[in-house]
2 protein chains.
Amino acid sequence: MMTIKELAKKLNISPSTVSKALNDSPEISLPTIKRVKEAAKIYNYKPNKVALSLKSNSTKTIGVILPDILNHFFAKVLLGIEKEATENGYNIITCLSNEFTSKEKDSLELLSNGSVDGFILSVAEETQVSKESAHFKSIKDQNIPLVMFDRVANDIECDKIIIDDFKAAYDATKFLIDKGRKQIALISNIDNLSVGKLRLDGYKKAIEDHQEVSTETLILSVDRSEDPQKKIADFLDKHKNIDGIFAADNTSGVVAINLSRSKGKSVPEDISVIGFADASIANYSTPKLSTINQHADEIGRMSLNLLIKRLHNKDEIKKYETTVIPVTIDQREST
Amino acid sequence: MMTIKELAKKLNISPSTVSKALNDSPEISLPTIKRVKEAAKIYNYKPNKVALSLKSNSTKTIGVILPDILNHFFAKVLLGIEKEATENGYNIITCLSNEFTSKEKDSLELLSNGSVDGFILSVAEETQVSKESAHFKSIKDQNIPLVMFDRVANDIECDKIIIDDFKAAYDATKFLIDKGRKQIALISNIDNLSVGKLRLDGYKKAIEDHQEVSTETLILSVDRSEDPQKKIADFLDKHKNIDGIFAADNTSGVVAINLSRSKGKSVPEDISVIGFADASIANYSTPKLSTINQHADEIGRMSLNLLIKRLHNKDEIKKYETTVIPVTIDQREST
DNA sequence: CTGAAAGCGCTAACAG
DNA sequence: CTGTTAGCGCTTTCAG
């Protein structure tokens, strides 16, 4: 790789002149600037990023720690982060916790040595269950900016991007109620996550406010290690009076639709279904799943923007923001 | 952040002694080593990654450029890459070309300034169509190691990890033939990709070898911008004699199953379906899709390993390897 | 307008 | 066994 020093030698001028010329310093004469830039192009000179980072004490790189990249939601958030990062001249280092606290901790540890300027993360399942947060605290203590999205740690003060899970679930359930549904089930494979609990609460409250039904037998909790089809099929067999389903996670909605139809029920006539997901997932069921759209890409973009804002005013003591992204209901064929 | 210099001052010894002590140099006495390490722990000293990179002229970071992170296959490859990278002490910078040549080019350009030690990539759709390859060539000219997987550029010599798409498609089609299927359709939304073409060829050859059917009317090409459900539904309506479907892409298989059943056909009795996908996608259809498993995570792991091998013998002129990962057929309920 | 020199944080050759 | 020094590639102050 060509360096400034080498370039300077070729041009018979000093390295500092070359550097200034490349940066359009007013100290340098126009002819020299021109000469230097031409030579730079010819020799395909590129400023060494690492040297720049060392000098400026900033890497223009963000660490992103995701619980599960196979989850469509996180993939889409990553898409949003990457897009916004590119536009702002940042790179992203991606780490996957795979829901484990140890991996999450290691990733934070490993990258907090000057590798990145800040972090964006969503809390791993294991961490949410154990409520561990020392590793997050440690990042804060090192004064490294941190943005959490979706699954956030309540006892850590930092910038956060979330949706109103309670309200979204409430509204989705109400949506089914308004369609005349009397026995609305909740299916969830995320009931040990913060967002899962909020969605459960929202569902319960909506039923409580508008119907005289006990939700006890209407709630199905699926473990992600189990076969969802079997679990949901058994559930539907056992509760034949169900006429509405609110799926609190990404995938149960389409599974529920496909299964219902294979059991001879028609959707949405016999069973109406709505779930948290987006358009591409909705396509996996016939009829297409109506969804609560979290605008995952938007969450990604906003997370990055919030982080950048924080990076630019690193010393200013500015109150941490929690931004709530509004969800929308995308009505399709299943309701 | 604590530096060696500061640490040295606290201990009243020279920075070089501290550096050597931290690295267990035999030049340093054991008591000193102990003293230094204890101080390092107390002050939470971490070697600055950027300085290390500058010194060693290597970042221990890999650039990964993916065409589409919402595609489950690429997400899973990323999972494999990340896992293997972590085990080998590498970080990954993720860039998403979103199928565009310009973004792919920019990402390569932007990262080839010392940001990464090498690249892993799968070629963007637009690039495969236009057959552009100057930007890949440029990376080679700069002597930056490059591994391509799945969608590879034939006119670029580099390490490659692929599957035998022709054979996989041939075998999958043959699999349906052996089940007694007479009118086997191909559905694909990737016919302008290298792998899509190979799969089409494999399908055609299998039919040609074993049946006296013209495949002309049995091939459905879906544009990814269209509504796949509508397109596939129309196709099935038009060709009611179809009794087998080979889905050459990730998603059409499950859509085809769900649609077939909604049209009153039973799967696999009336229509038998197999597709390129993996277990989690297979779950989106009832009955569950039988799949050709590409072992995407394995592809990711091997890509990274190949790259690391190349990095470790950067000067050695070693012939480029093309590794073919064997696929397997995961028989489920749809065949 | 150009150049010499210091320094970002670290390692390593060399001197003592 | 410990310390001094130079240098990775770059920017920037200061001197000329």
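I'd like to check which helices (runs of 4 or more DSSP H) are fully inside the stretch A:114-233 and have at least 2 residues that are free of Cβ contacts under 8 Å to residues at least 24 places away in the same chain.
Qualifying helices (runs of 4 or more DSSP H): A:134-141, A:194-210.
Which condition breaks for B:PHE74 when tested against (1) within 13 Å of DNA strand D (Cβ to nearest atom); (2) assigned to a helix (DSSP H, G or I); (3) touching a Pro at 6+ places or on another chain (Cβ under 8 Å)?
It is condition (1) that B:PHE74 fails.
Please find, among B:GLU6, B:GLU38, the residue that is more than 14 Å from chain A (Cβ to nearest Cβ), open to solvent by 60 Å² or more (accessible area, probe 1.4 Å), in a helix (DSSP H, G or I) and under 21 Å from A:ILE144 (Cα atoms).
Result of the check over B:GLU6, B:GLU38: B:GLU6.
State whether the residues of the stretch B:43-62 include one that is within 16 Å of DNA strand C (Cβ to nearest atom), away from chain A (no Cβ under 14 Å) and touching a Lys or Arg at 6+ places or on another chain (Cβ under 8 Å).
No - not one qualifying residue is present in the stretch B:43-62.
Can you pull out the residues in the stretch B:308-321 that are open to solvent by 60 Å² or more (accessible area, probe 1.4 Å) and under 20 Å from the mean Cα position of the chain (by Cα)? Steps first, answer last, please.
Restricting attention to the stretch B:308-321, the residues satisfying the condition of being open to solvent by 60 Å² or more (accessible area, probe 1.4 Å) are B:309, B:312, B:314-321.
Passing the criteria: B:LYS309, B:TYR320, B:GLU321.
When you check A:PHE100 against the structure, is it touching a residue at least 24 places away in the same chain (Cβ under 8 Å) and away from chain B (no Cβ under 12 Å), yes or no?
No.
Going through A:ILE207, A:ILE163, A:ILE187 one at a time, which residue ends up being surrounded by 21 or more Cβ atoms within 10 Å (Cβ to Cβ) and under 17 Å from A:LEU121 (Cβ atoms)?
Of the residues listed, the single one that is surrounded by 21 or more Cβ atoms within 10 Å (Cβ to Cβ) and under 17 Å from A:LEU121 (Cβ atoms) is A:ILE163.
Quick grid of which residues meet (1) at pLDDT 95 or above; (2) crowded, with 21+ Cβ neighbours inside 10 Å; (3) touching a helix residue (DSSP H, G or I) at 6+ places or on another chain (Cβ under 7 Å); (4) away from chain A (no Cβ under 14 Å):
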position	(1), (2), (3), (4)
B:GLY244	yes, yes, yes, yes
B:VAL255	yes, yes, yes, no
B:SER266	no, no, no, no
B:LEU289	yes, yes, yes, no
B:HIS295	yes, no, no, yes
B:LEU306	yes, yes, no, yes
B:THR323	yes, no, yes, yes
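Inside the stretch B:210-242, can you point out the residues that are among the small types (Gly, Ala, Ser) and either open to solvent by less than 20 Å² (accessible area, probe 1.4 Å) or in contact with a Pro (Cβ under 6 Å, 6 or more places away or on another chain) (or both)?
Once the filter is applied, which keeps residues that are among the small types (Gly, Ala, Ser) and either open to solvent by less than 20 Å² (accessible area, probe 1.4 Å) or in contact with a Pro (Cβ under 6 Å, 6 or more places away or on another chain) (or both), the stretch B:210-242 yields only B:ALA233.
Of all residues in the stretch A:140-172, which are within 14 Å of chain B (Cβ to nearest Cβ) and among the aliphatic types (A, V, I, L, M)?
A:ILE144
Hey, could you check the stretch A:9-27 for residues that are near DNA strand C (Cβ under 8 Å from one of its atoms) and of a type in the set (S, T, N, Q) and say which is least open to solvent (accessible area, probe 1.4 Å)?
Out of the qualifying residues, it is A:SER25.
The values are calculated or read from the model by the stated rules, or taken from the named source; none is laboratory data. In this text, all values refer to a predicted model and were calculated from it rather than measured experimentally. Neighbour counts run over all protein chains shown; Cβ positions are idealised from the backbone, glycine included. In case anyone asks, the SASA skips ligands and DNA or RNA and just uses the protein heavy atoms, side chains included. Shrake-Rupley method; radii C 1.70, N 1.55, O 1.52, S 1.80 Å.
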